[in-house]
Every structure is written in structure tokens, then in C-alpha cells.
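Structure first, then comments.
The values are calculated or read from the model by the stated rules, or taken from the named source; none is laboratory data. Treat the numbers as computed from the prediction; the structure is a model and nothing was measured. Ideal geometry is used to build each Cβ from the backbone, glycine not excepted, and the neighbour counts take in all protein chains shown. Accessible surface is based on the protein model in full, side chains and every heavy atom, while ligands, DNA and RNA are left aside. Shrake-Rupley method; radii C 1.70, N 1.55, O 1.52, S 1.80 Å.
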Amino acid sequence: MKLGWFIVIVVVFLALAPLWHFAPSKRQRKQARMRERAALDGLFVELRDLPLPPAQLQRLVPADRQVVYYGCRLRPGRRAPDKRCSWYREASSWLSRPPRQAVPDIVQILPESVLAIDLGPASCGLYWREDGDEDLVRDLARELTKWRDEMTPARA
């Protein structure tokens, strides 16, 4: 009788084992919480190519080229740049893609995990590896919103 129950338990375990493969990992649950925090703070999250010069971007493998973008949409009725302006971290300094632009003050407070920032006609945001927690996401959302409002003053 005990052998019968043991066989039933083993068969049930073997039937359920493949389903555990689809359970989110600890890292995936943390990323989901961070992305939910970003959405609650008014940001959107996308997977994008880094805003690097084409020659530099082609040298990267797709896993390094595509990173998570946390963006803040520009408000309607705000003046936005006609073209995208982007800045990326190289070693310990920030560079801009042509045309050369002054580096915005927001880079002073960004963590090392932020690889690039940009300002475009529809949004401003940052490209990063999601190394942090929900409190960091809240701080980044506050700074992105502040930067958006500084970079896109209301029309006169």
C-alpha cells in the first residue's frame, strides 16, 4: 500500500515538474515590481537599442545592444526637439551623438547602471540594466519628470 502512494506521488511530481519551469525567478519578480513601480510613477517601459553611433552599435551582440528603456512622455502642447538628442556613457564621461549637445545636469545623479539617456519628439528617458530596487525607480521617475519639464518649457 505504501509503495502505491509513493508511485502516485512520483507520477504527480513528474507531471507537475515541467510547469515549474515557467514560474518566474526571483530576478524576474523583482523586475516586474520595478516596472510596475515605473508605470505607477508615470513612466513607460520598452526594450530598445542603445542610442549609440551606428558603427559602435553594430559591434555589439543583440543581447548587449537591446536594453530596457524607462521613458517619460512629453506633455501635449510642449515644445520638443525636432530630432532625438541622446547621450551615452563611455568610461567615466558622457558623450552625445551628432549633433553635439551639452550634457544635461541629470547625468550627475544617475546611477552607474544607466547606460544612456535621450530626449526625443515624444519622450525623454533612460536606458539601463535595471540594477536597483523600487525606491531607485521612484527616484529615477521623479528626476525624469523634472528633466522633461526643464527641457520642454511651455510654448509662449
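Brief remarks follow.
- Rounded percent of accessible protein surface that carbon and sulfur make up, the chain, 1.4 Å probe: 59 percent
- Contact order relative to length of the chain, as percent, for alpha carbon pairs under 8 angstrom and 6 or more apart: 26 percent
- Estimated purely from DSSP H runs of n ≥ 4, each contributing -39500 (n - 2.57), the mean residue ellipticity at 222 nm for the chain is -12000 deg cm²/dmol once divided by its residues.
- Note on the stretch 97-139: the C-alpha convex hull projects to 3.7 nm² when averaged across all orientations.
- Accessible solvent surface per residue of the stretch 1-97, calculated while the other protein chains remain in place, 1.4 angstrom probe, Å²: 73 Å²
- When each of the peptides 7-17, 35-45 is scored by the mean number of other C-beta atoms lying within 10 Å of its residues, the order from highest to lowest reads 35-45, 7-17.
- Helices in the chain that qualify as membrane-span-like (whole DSSP H runs, Cα extent of at least 18 Å along the helix axis, mean Kyte-Doolittle hydropathy of 1.6 or higher) are 2-20.
- The average projected area of the chain, computed from the convex hull of its Cα atoms over all directions, is 13.5 nm².
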